[in-house]
Structure formats: C-alpha cells, structure tokens
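The values are calculated or read from the model by the stated rules, or taken from the named source; none is laboratory data. Since the structure is predicted, the reported quantities are computational estimates derived from the model, not experimental observations. Note that each Cβ is placed from the backbone with ideal geometry, even for glycine, and that neighbours are counted across all protein chains shown. When the accessible area is computed, the model is the full protein with side chains, heavy atoms only, and any ligands, DNA or RNA have been set aside. Shrake-Rupley method; radii C 1.70, N 1.55, O 1.52, S 1.80 Å.
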Amino acid sequence: MKKAFKIIGMLVVALAVVVAAGVVYLRYTFPKVDAAPVITIEKTPALVERGEYLANHVAVCIDCHSTRDFSRFSGPIVEGTYGKGGDVFDHTMGFPGTFYARNITPDKETGIGNWTDGEIYRAITTGVSRNGDPLFPVMPYKSYASMSTNDVYAIISYIRTLDPIKHKVPKGDPDFPMNLILRTIPSGSPTPTDERTLTSEVLRGKYLLSIAACADCHTPQEKGAPIEGKYLAGGFEFNFPNGAVLRSVNITPDKQTGIGSWTEDAFVQRFKNYEAPEATAAKLEPDAFNTIMPWAMYAGMKEEDLRAIYKYLMSVEPNSNKVERYTPPGAVAKK
C-alpha cells in the first residue's frame, strides 16, 4: 500500500512539473510574432483625413475605444470620449473572462502617447501589445492583418491627433485556460494588401468588408471559431446584460433568408438612414430592441464604398440560414 501511495505521489509530482513547464513555455515562448517594426510615419493632412474616415466609418476603431450610449438606438458615441477606452466585454456577453478596450488617445500616462508608431502598427495587425502581451481577438486584428500598409499608417496618424484623455483602463482578466490559450492566438506576420491589386469593385468591396471585420459578426461561431460553410450567414449571438439576445443577420445573397432580394440602392440607403443625428437621438425604453451595430458610424461610409461592398456580397455563395433576429429579455430562445 505504501509503495502504491509513493508511486501515486511521484506521478502527481511529475504531472505538476509537466504542467508548470508547459505554463512557463507558453508564457515565455508565445505570442510568436515579429518584433515591432522601426517606423516613423509622415503624418500628412491627407493621411490623417484617410485615417479619420477609416477609424470612424469603416474599421470603426473609435466604436469600441469610446463610450457608447446604449440608452439610445445603436449606442452612439458619447461626445468627449473618443478613444478613451474602457468598453467592457465580459461573462454577461459570453466572453471567457473580462476584457477592456484600451485608451488609444495620446495621453502619455494612461493612453498610447509613449508608444512608437511601430508598436501601434504591431498591435493593430498582429494583436500584441507594447509589452508583448496578447490582445483578446474581440479586436479583429486577424482582419486588420490584411489592411494595406498605407491604411494602417493612416489610422495611426489619425489617432495621434485625438485629444489626450486621462483614463486608466483596467487590465483584462481572462479565465483559465483562456489565459494560456490567448497567448497562442496572435501568430505570424501581417499580410498587407497591395492596393494596386484592387482592380475591380468586387475586389475593393471584399477588401473593405475585410477591414471592417463584417465577417467577424456575421459568421456564426462554435468554440470561438467560424463554422465551416456559414460564411456571412448570420446567427452570431450577442448577449445583452438585461438578458436579451441579438443575432447578426444573414448577409449572403440568399433570396429567402439573406439579402439576395435587395437592390444596390436599398443596401446603400439602409446605411444612410442613420446619417442624420436624430436617427439615434431618441431614448429607448429599457427592454426595447437595440443593436450593437454602430449604424451612425457606418452611415458615414462613402457611397462608392458601400456600393463596392454590395457588389462583393452579391458575388459570394448564397447560404440559406434563417436567423431569429432578437430574443427579448426574459423570453426563451426559439430552437
């Protein structure tokens, strides 16, 4: 009996050593990404203007990195909070831990005022912070990895012009084992798109849809990975703190369950409906339908860009997938 206990004890110790070694290996070997490039961006007025457009109306970086007022439809941004960070993604929304959008204003104490251009570039395109820590992929850096070098430079140039806001954002707290898995998610190097290859509206639309990370929300996932064969078919769930569940719509050209019956003009107008401030000005009842889709921001997208996205969407494979759009608070989701 004593011999059996001794063997069991030795196995437990051996297992503990293996686990500890694995944790150390993950901690010091990952993320496996390149060092931040040494770059100094010439922040011309044209580049800043392009960055302002992308950050507010296409990639919508300012969306998560500001305070949104969800007492109003679509959660428009609260004035004076641009870039201050603090948006929370936690268990109430189905996340494996608590994560925060960081302060991306030029404040040197709580923002990114001390970051180099190369460190910001690496964070955007590979998901690794200045200190080497991985960022949770609610920031769609896998999509931003394909952004053209000029467009990433433009966004960096623009956020350098934001008003500095002193606002310390808490450090994220991933659950176990996500705290270990997270280190393995950022990998490789960015693969920037050569803008000279965008020779048609369809290709340009595909590029814009990619850097807008539309597929991240409009493709359903299972265990954190897109479900094969369901590209853009909708059904990704967003849980609201009040118990309501919102699901992304099918944006494939399926005529019955997607947007296949939409005209190009109708698609453009769907966005432009929210261009006027009054479209999101009214206060909502606490249990009224709401959405995380930042319509007011996307409404500022140029018409030619929206038309290019439409043309790309019409070129993808139709996918029949009927989505129950919304389950009100307290209701049982239909199966």
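Data table
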read-out: In the range 167-185, the residues that are touching a helix residue (DSSP H, G or I) at 6+ places or on another chain (Cβ under 6 Å) and either at pLDDT 95 or above or not in a helix (DSSP H, G or I) (or both); value: Pro174
read-out: Single condition Ala123 does not satisfy, out of (1) free of Cβ contacts under 8 Å to residues at least 40 places away in the same chain; (2) surrounded by fewer than 20 Cβ atoms within 10 Å (Cβ to Cβ); value: (2)
read-out: Residues satisfying the stated conditions in the range 186-199, i.e. out of contact with any strand residue (DSSP E or B) (no Cβ under 6 Å at 6 or more places or on another chain), outside any helix (DSSP H, G or I) and either surrounded by 13 or more Cβ atoms within 10 Å (Cβ to Cβ) or in contact (Cβ under 8 Å) with a residue 24 or more places away in the chain (or both); value: Gly188, Ser189, Pro190, Thr191, Pro192, Thr193, Asp194, Leu198
read-out: Test: Asn273 is open to solvent by 70 Å² or more (accessible area, probe 1.4 Å) and modelled with pLDDT of 95 or more; value: yes
read-out: Those residues of the range 286-335 which are surrounded by 14 or more Cβ atoms within 10 Å (Cβ to Cβ), hydrophobic (A, V, I, L, M, F, W, C) and within 24 Å of Cys64 (Cα to Cα), in sequence order; value: Ile292, Met293, Trp295, Ala296, Met297, Ala299, Met301, Leu306, Ile309
read-out: Pairs where the first residue, in the range 140-164, is β-branched (Val, Ile, Thr) and the second is part of a loop (DSSP other than H, G, I, E, B), C-beta under 7 Å, 6+ apart; value: Thr149/Pro192; Ile155/Ala59; Ile156/Ile41; Ile159/Gly83; Ile159/Ile104
read-out: Test set (1) open to solvent by 60 Å² or more (accessible area, probe 1.4 Å); (2) among the charged types (D, E, K, R); (3) within 21 Å of Lys206 (Cα to Cα); (4) not in a loop (DSSP other than H, G, I, E, B) - Glu278 fails condition number; value: (3)
read-out: Check on Gly258, under 16 Å from Tyr312 (Cα atoms), touching a Pro at 6+ places or on another chain (Cβ under 9 Å) and either aromatic (Phe, Trp, Tyr) or part of a loop (DSSP other than H, G, I, E, B) (or both); value: yes
read-out: Single residue of Asn114, Asn103 found to be assigned to a loop (DSSP other than H, G, I, E, B), closer than 17 Å to Ala36 by Cα, polar (S, T, N, Q) and at pLDDT 95 or above; value: Asn114
read-out: Those residues of the range 49-106 which are open to solvent by 30 Å² or more (accessible area, probe 1.4 Å), of a type in the set (A, V, I, L, M, F, W, C) and in contact with a helix residue (DSSP H, G or I) (Cβ under 6 Å, 6 or more places away or on another chain), in sequence order; value: Phe73
read-out: Subset of the range 212-253 that is aliphatic (A, V, I, L, M) and without any contact (Cβ under 8 Å) to a residue 60 or more places away in the chain - its residue that is surrounded by the fewest Cβ atoms within 10 Å (Cβ to Cβ); value: Ala225
read-out: Single residue of the range 130-166 satisfying the filter (among the hydroxyl-bearing types (Ser, Thr, Tyr) and open to solvent by 10 Å² or more (accessible area, probe 1.4 Å)) that is modelled with the lowest pLDDT; value: Ser143
